[in-house]
Amino acid sequence: MDCQKFRYKKMKTVGAWFVGVFMREILHEYPKFCNDVKKRSEFIKYFHKEYGENLGYTFDTTKAKCYAVIEIIKAGRVLDAIEYVIESNDKKVPEDAFWAASDLLDDIIKEKIVLPEAVEEVEV
């Protein structure tokens with residue numbers, strides 16, 4: 001897929017670096033909170049404490065970025081988002097995000113990670 005074709009609005013909210021670095025963890029935890037608002041809220045609080053504060057994010061910024069990734073997962077656009085990160089140039093996406101996205105894609109291809117079914121239609 002040509003990354004120029006992937007213009008998912010949430011990518012601007014979340015950012016390619018965030019998707020590359022954190023998609024795996026959010027994807028891993030997704031089944032635990034996908035149908036439970038309270039558990040999703042607890043996950044975002046944990047995520048902010050664990051990562052957001054260290055990155056200098058406000059809680060609202062962490063929450064917005066996490067929800068954007070969750071919407072990408074719900075829409076079944078994980079592969080598009082990962083490919084967008086991988087195909088972005090080095091100036092836009094640092095190496096750590098590139099390699100994290102590449103490793104995640106490799107694990108998906110090898111079926112070490114199974115993507116959840118899309119549950120909602122999201123505008124691209």
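Using every pair of separate Cα atoms, the Kirkwood estimate puts the hydrodynamic radius of the range 57-113 at 12.4 angstrom.
Here the dipole of the range 17-124 is about 440 debye; that uses its Cα centre as origin and unit charges on the Cβ of Lys and Arg (positive) and Asp and Glu (negative). Listed options for percent of Cα pairs over 24 Å apart are [x] 42; [y] 17; [z] 22. The value calculated from this structure is the one marked [z].
Per residue, the accessible area of the chain comes to 60 Å² when a 1.4 Å probe rolls over the protein heavy atoms.
P(r) tail for the range 21-85, what percent of Cα pairs lie past 14 Å? Percentage above 14 Å: 56.
The values are calculated or read from the model by the stated rules, or taken from the named source; none is laboratory data. Remember, predicted model here, so these are calculated numbers, not experimental data. Glycine gets a Cβ as well: all are built from the backbone with ideal geometry, and neighbour counts include every protein chain shown. When the accessible area is computed, the model is the full protein with side chains, heavy atoms only, and any ligands, DNA or RNA have been set aside. Shrake-Rupley method; radii C 1.70, N 1.55, O 1.52, S 1.80 Å.
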